[in-house]
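Worksheet: the structure to be examined is printed underneath.
The values are calculated or read from the model by the stated rules, or taken from the named source; none is laboratory data. In this text, all values refer to a predicted model and were calculated from it rather than measured experimentally. For neighbour counting, all protein chains shown are included, and Cβ atoms are generated from backbone atoms with ideal geometry for every residue, glycine included. Heavy atoms of the whole protein, side chains included, go into the accessibility calculation; ligands, DNA and RNA do not. Shrake-Rupley method; radii C 1.70, N 1.55, O 1.52, S 1.80 Å.
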Amino acid sequence: MTAIDSPFLDVATTGFPILQPGHGAIASTTYVPATPGNTLWGRLPCEADPPCAVVRPGSVVTVDTISHEGVLEDQGRNPVEFFGRYGVGGSQVLDDAQQVADSGMPHDFDDDGPHLVTGPIAVAGARPGDLLAVTVLNLAPRVPYGMVSARHGFGALPGEMPSTPGPVFTFATALADHQGAWGRIAVDPTDPARGSLRFPLRPFLGVMGVAVPGDERPHSVPPGRHGGNIDISLLGEGATLFLPVQVDDALVYFGDPHFAQGDGEVALTAFEASLRATVKLEVVPGGAALRPGHGRVAPFAETDDYLVPIGLDKDLNEAMRDCVRCALDLLVTDYGIERHLAMAYLSAAGDFAVSQVVDDVKGVHARIRKSDFREVRRPH
């Protein structure tokens, strides 16, 4: 069955045009579309994967990313048909999503991850021991709709939620108005009079990472020292993620686009929807040994307002400890204060949050206000 354009989703009133491959604003001269040849499904790039683009350090790159929602096997692997059930017209479905679904690209629903990943992109001259600094300059919604999914055996309450048989797919829409950009979920899709849940859009990429050594592609779900599926909602426009380079030329990649996510991501997914990302790729030579310090080689991030230490482990308690150690390392390295004083400060003023509990490896991140250190002078 092929969906037809439907009045239930009037794209003209959402404020978000459909950004088909190669159409709409593309902010850089290097553009990487999410064609089947540029995309991995359920696995992340490794050292043996050839790059789909090569850029110099400091380059700005625009990358199309595709949400896995509507493409997965338990949704029919046909996004036109799947989203048509929710009033999305065929012309409102991304061509590259349908091309990936139709391509015959191998994907094992039971053994592979769900994520579609665009890349890898080689950053010429990056070497192990360096840090790759990925700064998110712009995130443009490619469609004004997406999904929140829950499946049995996953999420924060496996065995308890979903409370109905089979997976639960919740359709969500995006709207831009004079007050900002919003997500909406209908309280009762059969009764519009009951209204919608409304929440702010906070676009970010759940997956940003660098290739691992060797010729074996890692599973796309668990994050690690390579980055990957970190799922930290703070990593939107203006944020910089620092990734320890694992292989020559870094081989960076992007995916798992979100329109919004609450800390924890408790259902299994958040508001998943496709984004066009423009990022700046910079190399910090030897930076992995300098920040966050004390020989620690792991991802961390910052925004205009915050340092964002990251902790990762299958055990949530260990992820918390990992994050505290990362926070201590950053404060000692960046501000030259004693470790015990940094611990006291974190206890008084640091905010720690669960990034996600659904990716096998749990995540904890912290918000450390940079403004708290404006009076600090480093020792000579």
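Quick look at the values:
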| quantity | calculated |
| --- | --- |
| Yes/no for V60 being of a type in the set (A, V, I, L, M, F, W, C), assigned to a helix (DSSP H, G or I) and open to solvent by 10 Å² or more (accessible area, probe 1.4 Å) | no |
| In region 266-318, residue most open to solvent (accessible area, probe 1.4 Å) [restricted to those that are among the acidic types (D, E) and in a loop (DSSP other than H, G, I, E, B)] | D304 |
| Some residue of region 352-372 being of a type in the set (D, E), over 30 Å from V55 (Cβ atoms) and open to solvent by less than 40 Å² (accessible area, probe 1.4 Å) | no |
| Cβ-Cβ under 7 Å pairs, at least 6 apart or on other chains, region 190-204 side under 17 Å from G87 (Cβ atoms), far side not in a loop (DSSP other than H, G, I, E, B) and not hydrophobic (A, V, I, L, M, F, W, C) | S196/R184 |
| Region 182-206, residues that are open to solvent by 40 Å² or more (accessible area, probe 1.4 Å) and either part of a strand (DSSP E or B) or among the polar types (S, T, N, Q) (or both) | W182, R184, A186, T190, S196, L197, R198, F199, P200 |
| Residue list for region 38-57, restricted to those being small (G, A, S) and crowded, with 20+ Cβ neighbours inside 10 Å | G42 |
| Selection from region 196-240 of residues that are at positive phi and in contact with a Pro (Cβ under 6 Å, 6 or more places away or on another chain) | G227 |
| Test: residue in region 72-80 that is open to solvent by 50 Å² or more (accessible area, probe 1.4 Å), within 22 Å of L205 (Cβ to Cβ) and not acidic (D, E) | no |
| Number of positions in region 247-265 that are part of a loop (DSSP other than H, G, I, E, B) and either touching a His at 6+ places or on another chain (Cβ under 7 Å) or over 30 Å from G214 (Cβ atoms) (or both) | 3 |
| Breaking point among (1) farther than 30 Å from G113 by Cβ; (2) part of a helix (DSSP H, G or I); (3) in contact with a Gly (Cβ under 9 Å, 6 or more places away or on another chain), for H340 | (3) |
| Residue tally, condition within 17 Å of A97 (Cβ to Cβ) and outside any strand (DSSP E or B), over region 139-181 | 3 |
| Count - residues of region 143-181 that are among the hydroxyl-bearing types (S, T, Y) and either touching a Leu at 6+ places or on another chain (Cβ under 7 Å) or surrounded by 12 or more Cβ atoms within 10 Å (Cβ to Cβ) (or both) | 4 |
| Yes/no for D108 being out of contact with any Leu (no Cβ under 8 Å at 6 or more places or on another chain), charged (D, E, K, R) and open to solvent by 50 Å² or more (accessible area, probe 1.4 Å) | yes |
| Number of the condition not met by A140 [criteria: (1) buried (at least 24 other Cβ atoms within 10 Å of the Cβ); (2) touching a Leu at 6+ places or on another chain (Cβ under 7 Å); (3) more than 23 Å from A186 (Cα to Cα)] | (1) |
| Out of V80, V54, V71, sole residue that is aliphatic (A, V, I, L, M) and in contact with a Pro (Cβ under 9 Å, 6 or more places away or on another chain) | V71 |
| Residue match in region 225-238 (condition: buried (at least 24 other Cβ atoms within 10 Å of the Cβ) and more than 18 Å from K362 (Cα to Cα)) | no |
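Here's the yes/no breakdown for (1) hydrophobic (A, V, I, L, M, F, W, C); (2) at pLDDT below 95; (3) under 30 Å from V60 (Cβ atoms); (4) more than 15 Å from the chain's Cα centre (by Cα):
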| position | (1), (2), (3), (4) |
| --- | --- |
| A124 | yes, no, yes, yes |
| G129 | no, yes, yes, yes |
| V136 | yes, no, yes, no |
| P141 | no, no, yes, no |
| G146 | no, no, yes, no |
| G159 | no, yes, no, yes |
| D177 | no, yes, yes, yes |
| G180 | no, yes, yes, yes |
| A211 | yes, no, yes, yes |
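For every residue, the table says whether it meets (1) over 23 Å from D256 (Cβ atoms); (2) in contact (Cβ under 8 Å) with a residue 24 or more places away in the chain.
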residue	(1), (2)
D322	no, yes
V332	yes, yes
R339	yes, no
A342	yes, no
L346	yes, no
A353	no, yes
V357	no, yes
K362	no, yes
